[in-house]
Structures are given as C-alpha cells and as structure tokens.
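> This structure is in structure tokens; I'll ask about it shortly.
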Amino acid sequence: MAVEHGRVSIHGEWSSRWVFILATSGSAIGLGNIWKFPYIAGVYGGGAFVLVYLLCIVLVGLPIMMSEVMLGRRARQSPINAMRTLSAEAGAARPWRLLGWFGVVAGFLILSYYSVIAGWSLGYIFNALAGDFRDVGAEGVSGIFNQLISSPLHMLVLHTVFMILTIAVVARGVRSGLERAVRLMMPALFALLLVLVLYAMMTSGAFMQGLHFLLYPDFSKLTPTGVMVAMGHAFFTLSLGMGAVMVYGSYMPGRSSIATASLMVVIADTLVSLLAGMMIFPLVFANGLEPGQGPGLLFQTLPIAFGHMPAGVLFGALFFILLTFAAWSSSISLVEPAVAWLVENRGLSRPAAAILCGIIAWLLGLGTIFSFNVWADYRLFDRSFFELLDFLTSNIMLPVGGLFIAIFAGWIMPRAMTEGELATGRRVYASWRVVVRYVSPVAVIIVLLNLLGVLRG
Ligand code: TRP
C-alpha cells in the first residue's frame, strides 16, 4: 500500500483525489494551451506538427506524468528532498539529487516569462471592457497589440500585478487559496471555448480551412525544429519535467490510482488545446491573417471576433478573465517546488518563501519585457531574450528533466518501490514500465540529438 512507509507531507494534503485532478489540470491547462499551442502550430506548419505533438503526449507525456506523481507521492516532500530521499531509498548515486534543483531553476526561468504573457491577458481584460475591440479589423487589432508590447511600463505594471496574484495564492497554501476559484473557473473556461468554437464554425466561413490546417498532416512542412518544439511543448503543456506535478503528487491522498488521475489530466489538457486551435485558425483564415505570425497570434485574432459578435464586450472581457485565471492556476505550480523546499529546509514561513521566490522571478521577467521593445535588437542564434528563454526551458530543460525522471522511475527505482505506489492494475503497470524504460527515453534522446542541427539551422 502507498502508505506503508508512513510518510506524511508537512504541507498538508488535497482533500480528495478529485481535488488533485482539478489542481493538476489547473496547472496543466493555461497559456500553454490557449496562447502557445496555436501560435507554435501556426509557425511550424499545422497538422504534421500537431500529430507529432499528440504522439509525444501519449508516448512521453502520460508515462512521465505518472512517474512524477508517483515520485512525489512516495516521498511526500518538495522535489529537491524527494529526490534525496528516494535516491537514498533506491541506493542511487548522489548526483540524482541534483534533479530537484534543476527543476527549481527551470521553474523560475519559466515563471519569469509566463508572468509577462499572463500580464498581456490581464491587460486585454481592460481593452475589452473599454470597447477597444469594437468593429476592429486586422490592422486595428495589431495596433492594440503593438502598443502593448512596445510599452515597457505598461507590461511591467501588468507583470507585477500578475506576480503578486501568484505569490498571494502560494503564500496562503494551495489548498485554501486557489482551489475554490479553480473549481468554478475551469469549467467556465471550457464552456466559453466551446461557445467560441461554435461561433467560428457558424460565422467565419473558414471553419473547414482552419480545421484542415490544424489536423491535416502535411509532412513536407515538418522540420527538425518543429519536432523538437512539438516534444518540448508536450512537456510544457502538461507541466512536466521540473517537479510541478511531483510536488502536486506529494499532496495526493494515498491509495487512489495514479494512472487514472494522470489520464484524466492529459485528456482534459489535450482537449482544451485542440479547442483553442479550432477557435483561432478559422478566424485567422477568414481575416486573411498569417498563421505563422508568432507569439501575438491569439491577441491579434480573437479580438476581431469579439469586436463583431453580439455582446462582444462581455464575451471578450470574460474570455481574458478566464484566461488569466487559467494562467494563474498554472503559475502557482511553477514556484511551489521552490517554496516547499524553502519551508522544509530553510525554516521560512510560507509567505516569506513565496515573496522571496516572487521577487526573483519578477526580476528575471524584466528581461522578457525588454526583449519586446528596448532590447528587441539584441539577438543570439537569431532569437530574442524571450525566445531564447522559452527555447531553453521548453525544448531543452524540460525534456532533459523528464528524461532523467523517466530513467529514475523506470531503471533506478526497484520494481517493488514503484509497483505499490502506482497502485494500478497489472497490465497498466506492465505497459507503463515498458514505455517509461524504453520508449520515452529513446524518443527524448533522439529529439534532443537534433539540437546541434537545430541551432545551426
Ligand atoms: N502547463 C502550463 C501551461 O500550459 C504551464 C506550466 C505550469 C508549466 N507549470 C509548469 C510548464 C511546469 C512547465 C513546467 O500553461
């Protein structure tokens, strides 16, 4: 049984298995699904990219998610201490402990830019309410976006507000903070996405064209970089590879099946991404926009729809409110590993730890803000600071972290340690073990080997 080693988390536990699923879906579903997935699918050519992404979700994402939850729940500590405890327990070499630290660093780097983009969403709530989208066309909407990203001050204010929101929840403890809000907001977001997809279906006149772009695999458009980004995004969208899911797993009640819970999170996350694509691409084609325009895609297409639909002010504001909430329930999981460790090992109070982490991520975020304006001309490997940070974290650090998690769970931990903790049927356990030992690591290694070629290209 899961509880036989008798560990209890000092941070508390989710009140039920459902809350674990809710919180982990909250972490997974965020800007990655609604902002990032459509824009990278657009840049890397659509259908074939999406297919590779879906393959990575099934063969790499799901098994690694199960592994992370399992490691967390067995250790019931922050990822840094979990790796220490479990490597001692499994008789593994000391460097395995570094895995927890690696994840904490990745978490800070991601949060720093995640908060800036979430700030865009926050800002768009006010644009929507002010009626800025009314009857707006493609040009007007890119004017609004360019005005935002060319103003460091505006972005700084929004980034600061979002970071404060994140820290406020982490400071109170995940359970009493966001749990209640997320219970309401996530279903609402899902419903609104459905409404917007229906709207695109009925009015854009380009629904089939959008669907074709999203789902028809044209392999001539698939590049090595595209494959790498697809895999990186499978990690990013499921919050894998840096300990976020591990720390959420450490608060999961014992006994409940990790396989079922992980599967539900993966399905919900994938559904939301596909819906986001079905909402955006018809609008892109109907308005003669460019699918590969990059990070501004969501912000330069959706307002056109809000500007023309009945009650567009309401729907527009609601959409960006819900998107901000989705980002909020994700960002907290990016600092939770660091905060849990500071509480465990440095004796800080939760609020002090949260504020400290928030300040560090806030400062790093300045780099992302400036990379859209004052530093826009500084480029390395043809990428801005923001693009480099995103590339480094999503496409390198998360897959590397995930690779080691898979190796640790599949090869280093003895069977007896993993089988009881996963608490799943014999067949499911056997398939998990084969995939996590062979398929996932090999897939990640092959894609990572592309890196040198990708950077040169
Ligand atoms: N998965 C979230 C999204 O798609 C972002 C996120 C939250 C994340 N926690 C993470 C990404 C941990 C990587 C690792 O928006």
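> Only residues that are within 17 Å of Val229 (Cα to Cα) and surrounded by 15 or more Cβ atoms within 10 Å (Cβ to Cβ): list them for region 438-452, please.
Initial filter on region 438-452 (within 17 Å of Val229 (Cα to Cα)): 440-452.
Result: Ser440, Pro441, Ala443, Val444, Val447, Leu448, Asn450, Leu451.
> Let me ask another. Taking only region 205-226 into account, find how many residues are among the β-branched types (Val, Ile, Thr) and either under 26 Å from Pro310 (Cβ atoms) or open to solvent by less than 40 Å² (accessible area, probe 1.4 Å) (or both). Spell out how you get there, then give the answer.
Looking only at region 205-226, we keep the residues that are among the β-branched types (Val, Ile, Thr), and these are 223, 225.
Retained after the next criterion (residues that are either under 26 Å from Pro310 (Cβ atoms) or open to solvent by less than 40 Å² (accessible area, probe 1.4 Å) (or both)): 225.
Matching residues across region 205-226 total 1.
> May I pose another question? Of the residues in region 229-260, how many are within 16 Å of the ligand (Cβ to nearest atom) and either part of a helix (DSSP H, G or I) or basic (Lys, Arg) (or both)?
The initial filter retains those residues of region 229-260 that are within 16 Å of the ligand (Cβ to nearest atom), namely 229-251.
Next, only the ones that are either part of a helix (DSSP H, G or I) or basic (Lys, Arg) (or both) stay: 229-237, 244-249.
Within region 229-260, residues that are within 16 Å of the ligand (Cβ to nearest atom) and either part of a helix (DSSP H, G or I) or basic (Lys, Arg) (or both) number 15.
> Sticking with this structure for a sec: Output the qualifying pairs, or none if there are none: Cβ atoms under 6 angstrom, residues six or more apart or on different chains, first residue in region 64-90 and at positive phi, second residue surrounded by fewer than 24 Cβ atoms within 10 Å (Cβ to Cβ) and among the basic types (Lys, Arg).
Arg76/Arg7
> Still on this structure: Given the structure, is Met202 open to solvent by 30 Å² or more (accessible area, probe 1.4 Å), in contact (Cβ under 8 Å) with a residue 24 or more places away in the chain, part of a helix (DSSP H, G or I) and more than 16 Å from the ligand (Cβ to nearest atom)?
Working: open to solvent by 30 Å² or more (accessible area, probe 1.4 Å): yes; in contact (Cβ under 8 Å) with a residue 24 or more places away in the chain: no; part of a helix (DSSP H, G or I): yes; more than 16 Å from the ligand (Cβ to nearest atom): yes.
Against the criterion (open to solvent by 30 Å² or more (accessible area, probe 1.4 Å), in contact (Cβ under 8 Å) with a residue 24 or more places away in the chain, part of a helix (DSSP H, G or I) and more than 16 Å from the ligand (Cβ to nearest atom)), Met202 does not qualify.
> I'd like to check which helices (runs of 4 or more DSSP H) are fully inside region 327-437 and have at least 1 residues that are open to solvent by less than 10 Å² (accessible area, probe 1.4 Å) and closer than 21 Å to Met246 by Cα. Walk me through it before giving the result.
Numbers: elements: 350-371, 385-390, 398-407, 415-422, 426-434.
Where helices (runs of 4 or more DSSP H) fall fully within region 327-437 and carry at least 1 residues being open to solvent by less than 10 Å² (accessible area, probe 1.4 Å) and closer than 21 Å to Met246 by Cα, they are 350-371, 398-407, 415-422, 426-434.
> Would you mind finding the one in Val247, Val266, Val272 that is within 25 Å of Met397 (Cα to Cα), in contact with an Asp or Glu (Cβ under 7 Å, 6 or more places away or on another chain) and among the β-branched types (Val, Ile, Thr)?
Values: Val266 fails: in contact with an Asp or Glu (Cβ under 7 Å, 6 or more places away or on another chain); Val272 fails: in contact with an Asp or Glu (Cβ under 7 Å, 6 or more places away or on another chain).
Selected residue: Val247, the only one of Val247, Val266, Val272 that is within 25 Å of Met397 (Cα to Cα), in contact with an Asp or Glu (Cβ under 7 Å, 6 or more places away or on another chain) and among the β-branched types (Val, Ile, Thr).
> Just checking, does region 290-312 include any residue being part of a loop (DSSP other than H, G, I, E, B), within 16 Å of the ligand (Cβ to nearest atom) and surrounded by fewer than 24 Cβ atoms within 10 Å (Cβ to Cβ)?
Our first condition is that a residue be part of a loop (DSSP other than H, G, I, E, B); within region 290-312, this holds for 290-296, 309-311.
If we keep only those that are within 16 Å of the ligand (Cβ to nearest atom) too, we end up with 295.
Retained after the next criterion (residues that are surrounded by fewer than 24 Cβ atoms within 10 Å (Cβ to Cβ)): 295.
Scanning region 290-312 turns up at least one residue that is part of a loop (DSSP other than H, G, I, E, B), within 16 Å of the ligand (Cβ to nearest atom) and surrounded by fewer than 24 Cβ atoms within 10 Å (Cβ to Cβ).
The values are calculated or read from the model by the stated rules, or taken from the named source; none is laboratory data. All of these numbers come straight from a predicted model, not from anything done at the bench. As a convention, Cβ positions derive from the backbone with ideal geometry for all residues, glycine included, and neighbour counts pool all protein chains shown. Surface areas here come from the heavy atoms of the whole protein model, side chains and all, with no ligands, DNA or RNA. Shrake-Rupley method; radii C 1.70, N 1.55, O 1.52, S 1.80 Å.
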